[in-house]
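Report on the structure given below.
Please treat every number below as a calculation from the coordinates, not as lab data. None of these values were measured; they are calculated from a predicted model. All Cβ positions, glycine included, derive from the backbone under ideal geometry; neighbour counts span all protein chains shown.
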Amino acid sequence: MRHNVKGRKLNKTASHRKAMFANMSAQLYEHKQIKTTLPKAKELRKYAEKMITLGKKGDLNSLRQALKFLRHKEVVYKLFNDIAPNYKERNGGYTRVLKLGTRKGDAAEVAVIQLVEFDNETEIKPKKAKTEKVKADKPKVEEAVVEEAVVEEAVVEEAVVEEAVVEESEEPKEEKPEITEEIEKKDK
Amino acid sequence: MPVPKRKTSKAKAKSRKNHWKLTAKSTAKCPNCSAPVLSHRVCPSCGYYKGKAVIKVKAD
């Protein structure tokens, strides 16, 4: 009998489910670890691990099958080139689901799902600090651009005074790529 | 059809519910930060599970 093999429906239509797990798989390969509800994490294992198996095969047909499901070329290439080779010695069980307890708002059980071979690289930054940094940088950059335009039009004498201001305001602009690099490093 | 003759008194209802209790969840001690944790879950105070940092806790 084929009872209980179709998996959870999660209150979604088949297309909705498929799209969601394709997105979640892509995010998992990108970030090595994602946080979600426990039923979704458990269900995601099916999809994510099948893609890794395709990646281990690595032939053209499996590449096309992976593209059919994941639909993002960059993610599929990353999966085939960077992620799947690490699982050569492992037969299944490429992901790990860890329970985090219940969520405040709806008491839903929350879990973390991570790629097993990459669990040392996932130092997660608290989300709030990350968004604050990005927000704080953006307006400064815009100001710097505006002030530069003003300096070009202004008289030379004024330009000397304003150059000092511009130099100060340019500093955050230079910092910005470094910070995004840091975030990228930590995400890896 | 048989029906109750009397309304259940407050005392009767309450004494019946006397055996209807919540039980405290049993906790273990986190090996990393020695805070009480539920078993099979990531420690909410330090974010460790089985000796590894899983999540970054805000207070850290």
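Things worth noting here:
- Contour excess over end-to-end distance, with Cα ends at residue B:22 and residue B:8 and 0.36 nm allotted per residue: 2.7 nm
- Test item: B:38-49 mean partner chain Cβ contacts at 10 Å: 3
- Extending 7 Å from Cα along the Cβ direction at residue A:64 and again at residue A:19 yields two label points whose distance is 2.6 nm.
- Each peptide in A:56-67, B:8-19 was scored by the mean count of other Cβ atoms within 10 Å over its residues; highest first, the order is A:56-67, B:8-19.
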